[in-house]
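Okay, structure first, notes after.
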Amino acid sequence: MDKLPRGRHGLDPAYVAARQRERLLVAVAELAAERGYPAVSVSAVCKCAAVSKGAFYRQFAGREECFALAFDNVLAALRERLLAACAGETLWARAVRAALLALLEWAGAEPPPARLLLVESLRAGRPMLDRYQAAVEGFAPLLARDAPREHPAAALELTDRAVCGGVASLLSRHLIAGEKDLRSLLPLLVEFVLTPYLGLAEARRVAGDGAGDGGG
Amino acid sequence: MLPAMERVTAVGEPSPGIRSGSIKGRIGASYPLAYADQRRRLLAGLAEAMAERGYAETSVADVLAASGLSRPTFYNHFSGLADCFEAAHEDALGELIERVAAASGAGVALRAPLAFVAESPGRAALLLIEVHVAGGLPLRRQDAALRALAKRLAALEHGALSQGSAEALLAGLAFLLARALRAGEADRLPALAPRLTELLVPYLGSTASRPDSRGRGVRR
């Protein structure tokens, strides 16, 4: 995030624009996490990113669009991270557990993007709320892939969505409370997510099975 | 969407502080009732205005337009929009809690919020959508209510379910309700009761959940 040289510098305008865009997207996330989306102005985002207002409006139609694109970036990065985390697991329940651990580690290590995705997007107007809900539901097919379907609850499509919504809401509440040690939520989340598919007893067994995680 | 409201019969606006008792004479006994009626109309007006444009885009003027009352009347009751929201939110939360408490058994209690959202989508949106924009006291109040309800769920079936899972389960149900509201499908929620009850079974056991046996094993 180095600043670009001022004045005449001979840099490729496309390069400059891309760097400015990147800085604006980071700035909107940081400011929204710091003061809440409703209190974030375009001027503040520009100041934080050291970009002129003219340059801002060449990139985005307004605050909403800037926030929405930052949201999409964060979402894409998180998705990749969760997929990578469970890629090595052959058992479905272990893969879910690994993804949940990655989610908690991400939210604990990067509060601004986590707040943007799970807290501020609910305060940023109707289109953004719809985007949030669709994003949360977008994780349902990932969860459902290879999930055991023997239990009646696991046979319901709404179960996948309710589980994803529950995880997002719970995490959001802990972020709002400003809790730092989110990893301690892992057993609870594993139990909650696995129960409809495996039954409470088996879900609890996987949740309590911390051995072989390399400390997590 | 809003309950039918009778016109206020009183002439003019009541002064602040008149909440009960009766003032006889020119205006008649209906006058003190007007205060409570005004408040009810303002709360309903806020829900209606916010259902249309969302918290962030709603102004006191929108509440006035929806309720048909004047600005001085509004400020007789509330210090501002946030104050009015807090009251409307508390009112909706109170009704939801009452409805859930009146039901016996988790499976039956589940129908209460579904019916509430279907019957009063505007007021339900204050709980499911707008409270996240407002934050502050209403959000804390709602979180406390959710935790209390989760505690009751966790106490079912000899306390098999953990408090944390119960909270997450309720949050998951709330997510589905909020999604249905945004999708304009609130009226279809009561029909979801059997499937949602089935979702509760693994968490609460079949006795507490009272599952519906239709269509098991079929992905719907």
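The values are calculated or read from the model by the stated rules, or taken from the named source; none is laboratory data. Values in this document were obtained by computation on a predicted structure and should not be read as measured data. Heads up, the Cβs are rebuilt from the backbone with ideal geometry, glycines too, and the neighbour counts pull from every protein chain shown.
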Practice task
Considering only residues that are more than 7 Å from every other protein chain (Cβ to nearest Cβ) and under 18 Å from the mean Cα position of the chain (by Cα), look in region B:154-177 and name the one that is surrounded by the fewest Cβ atoms within 10 Å (Cβ to Cβ).
Solution key: B:L170
Problem - Matching residues, region A:130-183, being surrounded by fewer than 15 Cβ atoms within 10 Å (Cβ to Cβ), over 13 Å from the mean Cα position of the chain (by Cα), facing chain B (nearest Cβ under 10 Å) and assigned to a helix (DSSP H, G or I) - result: A:D130, A:E157
Handout entry: Enumeration of residues in region B:138-153 that are surrounded by 13 or more Cβ atoms within 10 Å (Cβ to Cβ), more than 12 Å from chain A (Cβ to nearest Cβ) and more than 14 Å from B:Y55 (Cα to Cα)
Key = B:R141, B:A145, B:L149, B:R152, B:L153
Exercise for the section: Restrict the check to region A:93-103 and report whether at least one residue is within 12 Å of chain B (Cβ to nearest Cβ), closer than 30 Å to B:A56 by Cα and hydrophobic (A, V, I, L, M, F, W, C). Expected result: no
Handout entry: Among the candidates A:P127, A:P196, residue that is within 7 Å of another protein chain (Cβ to nearest Cβ) and part of a helix (DSSP H, G or I)
Key = A:P196
Problem - Those residues of region A:1-53 which are assigned to a loop (DSSP other than H, G, I, E, B), modelled with pLDDT of 90 or more and within 25 Å of the chain's Cα centre (by Cα), in sequence order - result: A:G36, A:V40, A:S41
Fill in the blank from the handout: Requiring at least 1 residues that are among the acidic types (D, E), the helices (runs of 4 or more DSSP H) wholly within region B:99-202 are B:111-119, B:136-155, B:163-182
Handout entry: region B:189-204, residues that are within 8 Å of chain A (Cβ to nearest Cβ) and hydroxyl-bearing (S, T, Y)
Key = B:Y203
Exercise for the section: From the list A:A32, A:A87, A:A109, A:A44, pick out the single residue that is surrounded by 12 or more Cβ atoms within 10 Å (Cβ to Cβ) and under 30 Å from A:V193 (Cα atoms). Expected result: A:A32
